[in-house]
Amino acid sequence: MDWLFIALGGLTLAGGLGVVLTRNVVHAALFLLLSLTAVAGIYLLLFTEFLALVQVLIYGGAIIIVLLFAIMLTRSSDYPRVSDNAQWPLAALAAVAMGAVIIVSFWQSPRVESAPQGPGFAELANSLFTRWAIPFEVASLVLLVALIGAIIIARTGSRGEG
């Protein structure tokens, strides 16, 4: 099981590095999808099936689609190119230090064997659609309004108005 965790962690890291290092925005979105899907695999290893499902459906599906639509709807010629930041060596040093801390803490932590815990799908669904139904619907309405607003802004700018 450790080899699978290390492989999924490597895919997550590779996707994150791809997001940061690529110059193509569409390729960055696809690398983000790789990273988010690998995180869903890590959730499955931790026996949190609901979080894995949410990770794939919400982040891997909806967020990446919205990100790709935003990339396609924006006019990149309106914005100046961003040049390389002079602080990248400091950021690279901080990333390497953080990576070293994470690797050392991973190898130094004691191994804990435990059975899967937590609510099953039935209890979670019952709670989500009874106690948390109103906030769930409000969040979906906010996302719908944001999507409609993005479409209106994009359409208004394409006709030469504004």
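The values are calculated or read from the model by the stated rules, or taken from the named source; none is laboratory data. What you see is a predicted model, and the numbers here were worked out from it, not measured in a lab. Note that we place each Cβ from the backbone using ideal geometry, even for glycine, and neighbour counts take in every protein chain shown.
Here is a yes/no grid of residues against (1) free of Cβ contacts under 8 Å to residues at least 12 places away in the same chain; (2) among the hydroxyl-bearing types (S, T, Y); (3) part of a helix (DSSP H, G or I):
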| site | (1), (2), (3) |
| --- | --- |
| A91 | yes, no, yes |
| S105 | yes, yes, yes |
| S114 | yes, yes, no |
| L128 | yes, no, yes |
| I148 | yes, no, yes |
| R155 | yes, no, yes |
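Tell me which residues, restricted to segment 116-126, are loosely packed, with under 10 Cβ neighbours inside 10 Å and either in a helix (DSSP H, G or I) or aliphatic (A, V, I, L, M) (or both). Selection gives A122 alone. Could you list, in sequence order, all residues of segment 128-152 that are surrounded by 11 or more Cβ atoms within 10 Å (Cβ to Cβ), of a type in the set (G, A, S) and either in the same structural domain as F69 (by TED's automatic domain parsing) or more than 22 Å from the chain's Cα centre (by Cα) (or both)? Of everything in segment 128-152, just one residue is surrounded by 11 or more Cβ atoms within 10 Å (Cβ to Cβ), of a type in the set (G, A, S) and either in the same structural domain as F69 (by TED's automatic domain parsing) or more than 22 Å from the chain's Cα centre (by Cα) (or both), namely A133. Just to be sure before I move on: is P110 out of contact with any Lys or Arg (no Cβ under 9 Å at 6 or more places or on another chain), assigned to a loop (DSSP other than H, G, I, E, B), exposed (fewer than 10 other Cβ atoms within 10 Å of the Cβ) and modelled with pLDDT of 80 or more in the structure I sent? Yes.
So is L4 hydrophobic (A, V, I, L, M, F, W, C), in a helix (DSSP H, G or I) and surrounded by 13 or more Cβ atoms within 10 Å (Cβ to Cβ) or not?
Numbers: hydrophobic (A, V, I, L, M, F, W, C): yes; in a helix (DSSP H, G or I): yes; surrounded by 13 or more Cβ atoms within 10 Å (Cβ to Cβ): no.
Taking the combined requirement at face value, the residue does not satisfy it.
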